[in-house]
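Below is one structure, written out as structure tokens; comments come after it.
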């Protein structure tokens, strides 16, 4: 890669991945004197907590995704390159991409996680929700199911088309189930003449004993009741044995379905393989308290990819908040290192609370000992998510989309793209 | 298709195509006592005059496209079916689709037009702009060219990647050229570190003597000067001989280009073939003053597909305004016909003016003898386009997007989707 001679004396920090962790690391390095390069195979950073709203046609994709280079445009020391990373040579300190090699002095790996199908090849049968293209694919399938039901003359086929199965009762599964129910029960009925969307069945399958297992039992019970009140069938203790194009098999039951969505398993990106280090069963890389990889002091691993035990012995959860905190810590640690110093304290995750939305006027929030449900929870959830959007424009547009959807029940992004 | 016995006595009007003409026809038939069915292979109606803003990342696709069934949701006599029409049997009075046959008493064909490459197979090398998927494909290519230039170390390859050729100097070609120039000169420069977007070349090729030939010479000269001031190279009397993936050949000149766009030729959809009638060189079907096809009194052909001479002997232009007027006329004519009457007057196109935008603060408007250019023209263009959007929500969102783009020069929809 080209460089001026003045630049060539500056230390090179390469960040792989422009998600919450990678962006936070770049921002924490502003003005550090390092030359920073962000590599990502996408041109955009995506606000994953609202992806389910793109998948269910409430928001347009550009409302929750922005070019990475736009976010860091004021940091003249940051170069963003849209490249697909294929490996890392830690001996030569070089990142290998589809187009070229990029040398680093310090490497930050923040490539996140994707879906896991536990060894099955169900990606196309039951798509998961991690990227903008996942969201538009899911939107397409959901909207097409209703369109096909309207065209069909066969009541059995219509019933199948209007059956939506979501596998996995974590926050994403719950949010998808709640939003699909709103789409079917509130948004679409006035527009269909032959196949009534209100007849849609929305089924949420969870292998464990309860949904939203990361929350206290009371909140998870509230969420289940709230979903059921909105017409979602919640089936716990139900694991999936087979997925086909038109049906899903759980134990001795078979559910014929128009759309099957996957929100069950998560698997880290293949970075452990690039770095030649060990990973846990889900691909995560164990890091030390300074977020570097044992044996590779120049390599930081942060975000969903990092496996780190908290002070209370539990792993730091894979959340936007923890990813940002790790990014900021790593950025500061690298600044100190460039000055020949090292951070005084190990990384410590601060839990500012967890929240999940279920649907209109319904969400659960846990902030330390405070627990919110119903409308107060939903309002809190909305305000927090608007606040964390990347800029004023997005805040205004998302807030206005929500107000319009709240008032009219219409969803503004109901395009079936080819 | 299923129907109740009360419904089965109502006359069946089938409208093929949910564009400006088809929607206007359905709306003019509201409460007529007919059962109306709209068939379209897309689920959405698209506001084509603003498609170029989706292609150049100023607007998100859902801001200019809405489900057809949403637009006509209050007309309980309208059923919308997402089906691809494959033919018409005018003897049996049946429309053949990919899934079923649909019988009609009166048929309205409003399937519009697509690009014409004059017999060449350049669709993929030089995409045109007629649909939402065209717009997102073009957006992807434009944004990728800048990303690839930023990654490349080769100055010759960079120069090629940042050369944008638009073929055709009609309104769409002019609008694309102007908007790409804004993208390159105003939006992107602060965000690139290696390949300066200001070095981009934007070349508009026109085979005729002047661009915007439908406008008076003075306005077309103004447009050319305005484009050139914004850094667009305008080459008239230049026709295209060859298109390749990385270059375009005009006469003895070859232009190496990163993106080639096609805004030159238009060809009507294959409806003449379905109906077994004659068409002109561009596929249009000649209609009578009542907009029916000679010899097929039950078949109306409207919009860009219809070939009709105006009172002054010129063909009615293929515009959104004329499509809407034809749709309204056909709808009213069918209402009268259902009452056993026929319209007193032939269709007459009312020219309320034509307008084209060139870029920031620059547009041309012709309203009868009034001609506007520059900022007044641009303001008039903006207000008119906001006014014609389908609903309040879209008006607010598009207006706000424009205000944000005007103030910040950022463009809010810069996602490269896969």
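The values are calculated or read from the model by the stated rules, or taken from the named source; none is laboratory data. These numbers come from a predicted model, not from an experiment. Here the Cβ positions follow ideal geometry from the backbone for every residue, glycine too, while neighbour counts run over all protein chains shown.
Points to keep in mind about this one:
- Here residue A:193 qualifies as within 14 Å of chain B (Cβ to nearest Cβ) and either part of a helix (DSSP H, G or I) or over 16 Å from residue A:139 (Cα atoms) (or both).
- Checking the stretch A:339-350 against the condition returns no match, with no residue being closer than 21 Å to residue A:50 by Cβ and at pLDDT 90 or above.
- Strands (runs of 3 or more DSSP E) fully within the stretch A:222-274 that include at least 2 residues being under 18 Å from residue A:125 (Cβ atoms), under 22 Å from the mean Cα position of the chain (by Cα) and modelled with pLDDT of 95 or more: A:259-262.
- Residue count for the stretch A:123-151, restricted to those that are assigned to a helix (DSSP H, G or I) and closer than 23 Å to residue A:65 by Cβ: 13
- Unique residue being buried (at least 18 other Cβ atoms within 10 Å of the Cβ) and either assigned by TED's automatic domain parsing to the domain that holds residue A:317 or out of contact with any helix residue (DSSP H, G or I) (no Cβ under 6 Å at 6 or more places or on another chain) (or both) when the list is A:149, A:126, A:200: A:126
- Reported count of residues in the stretch B:152-172, each being surrounded by fewer than 22 Cβ atoms within 10 Å (Cβ to Cβ) and within 25 Å of the chain's Cα centre (by Cα), is 1.
- Candidates A:365, A:384 - the one that is outside any strand (DSSP E or B), away from every other protein chain (no Cβ under 14 Å), surrounded by 13 or more Cβ atoms within 10 Å (Cβ to Cβ) and within 23 Å of the chain's Cα centre (by Cα): A:384
- Some residue of the stretch B:352-359 being within 18 Å of residue B:315 (Cα to Cα) and either touching a residue at least 40 places away in the same chain (Cβ under 8 Å) or loosely packed, with under 13 Cβ neighbours inside 10 Å (or both): yes
- Residue among B:358, B:334, B:396 that alone is touching a strand residue (DSSP E or B) at 6+ places or on another chain (Cβ under 9 Å) and either modelled with pLDDT under 95 or part of a strand (DSSP E or B) (or both): B:358
- Among the conditions (1) surrounded by fewer than 24 Cβ atoms within 10 Å (Cβ to Cβ); (2) on the phi > 0 side of the Ramachandran plot; (3) touching a helix residue (DSSP H, G or I) at 6+ places or on another chain (Cβ under 6 Å), residue A:93 misses just one, which is (3).
- Filter result (surrounded by fewer than 16 Cβ atoms within 10 Å (Cβ to Cβ) and either assigned to a helix (DSSP H, G or I) or more than 9 Å from chain B (Cβ to nearest Cβ) (or both)) within the stretch A:407-418: A:407, A:408
- Among residues that are more than 20 Å from the chain's Cα centre (by Cα), farther than 30 Å from residue B:97 by Cβ, within 13 Å of chain B (Cβ to nearest Cβ) and surrounded by 17 or more Cβ atoms within 10 Å (Cβ to Cβ), residue A:143 is not included.
- Among the residues making up the stretch A:305-326, those that are out of contact with any strand residue (DSSP E or B) (no Cβ under 8 Å at 6 or more places or on another chain) and under 19 Å from residue A:13 (Cβ atoms) are A:323, A:324, A:325.
- Complete set of residues in the stretch B:372-381 that are surrounded by fewer than 16 Cβ atoms within 10 Å (Cβ to Cβ) and either touching a helix residue (DSSP H, G or I) at 6+ places or on another chain (Cβ under 7 Å) or on the phi > 0 side of the Ramachandran plot (or both): B:374
- Verdict on residue B:184 being buried (at least 22 other Cβ atoms within 10 Å of the Cβ), out of contact with any strand residue (DSSP E or B) (no Cβ under 6 Å at 6 or more places or on another chain) and either assigned to a strand (DSSP E or B) or away from chain A (no Cβ under 14 Å) (or both): yes
- Residue match in the stretch B:68-75 (condition: more than 24 Å from residue A:151 (Cα to Cα), more than 15 Å from the chain's Cα centre (by Cα) and within 10 Å of chain A (Cβ to nearest Cβ)): no
- Residue match in the stretch B:152-162 (condition: within 30 Å of residue B:355 (Cα to Cα) and touching a residue at least 60 places away in the same chain (Cβ under 8 Å)): yes
- Of the residues making up the stretch A:108-117, those that are in a loop (DSSP other than H, G, I, E, B) and more than 30 Å from residue A:339 (Cβ to Cβ) number 1.
- Candidates A:258, A:214, A:231, filtered to the one that is touching a helix residue (DSSP H, G or I) at 6+ places or on another chain (Cβ under 9 Å), touching a residue at least 40 places away in the same chain (Cβ under 8 Å) and loosely packed, with under 15 Cβ neighbours inside 10 Å: A:214
- Of all residues in the stretch A:283-298, none are touching a residue at least 60 places away in the same chain (Cβ under 8 Å), more than 30 Å from residue A:163 (Cα to Cα) and in a helix (DSSP H, G or I).
- All conditions in (1) touching a residue at least 40 places away in the same chain (Cβ under 8 Å); (2) buried (at least 16 other Cβ atoms within 10 Å of the Cβ); (3) within 14 Å of another protein chain (Cβ to nearest Cβ); (4) part of a helix (DSSP H, G or I) hold for residue B:404, with the sole exception of (1).
- Close Cβ contacts (under 8 Å, 6 or more residues apart or on different chains) running from residues in the stretch A:1-27 that are more than 14 Å from chain B (Cβ to nearest Cβ) and more than 15 Å from residue A:66 (Cβ to Cβ) to residues that are at pLDDT below 95 and surrounded by fewer than 13 Cβ atoms within 10 Å (Cβ to Cβ) comprise A:11/A:33.
- Residue A:120 vs. criteria at pLDDT below 95 and in a strand (DSSP E or B): no
- Picking from residues in the stretch B:96-116 that are within 26 Å of the chain's Cα centre (by Cα) and under 22 Å from residue A:146 (Cβ atoms), the one that is surrounded by the fewest Cβ atoms within 10 Å (Cβ to Cβ) is B:98.
- Among the residues examined, residue A:207 does not qualify as away from every other protein chain (no Cβ under 12 Å), within 30 Å of residue A:314 (Cβ to Cβ) and within 20 Å of the chain's Cα centre (by Cα).
- Scanning the stretch B:76-95 for residues that are in contact (Cβ under 8 Å) with a residue 24 or more places away in the chain, more than 24 Å from the chain's Cα centre (by Cα) and more than 11 Å from chain A (Cβ to nearest Cβ) returns B:88, B:90, B:93, B:95.
- If only residues of the stretch A:58-67 that are facing chain B (nearest Cβ under 8 Å) and in contact (Cβ under 8 Å) with a residue 12 or more places away in the chain are counted, the one that is farthest from residue A:187 (Cα to Cα) is A:67.
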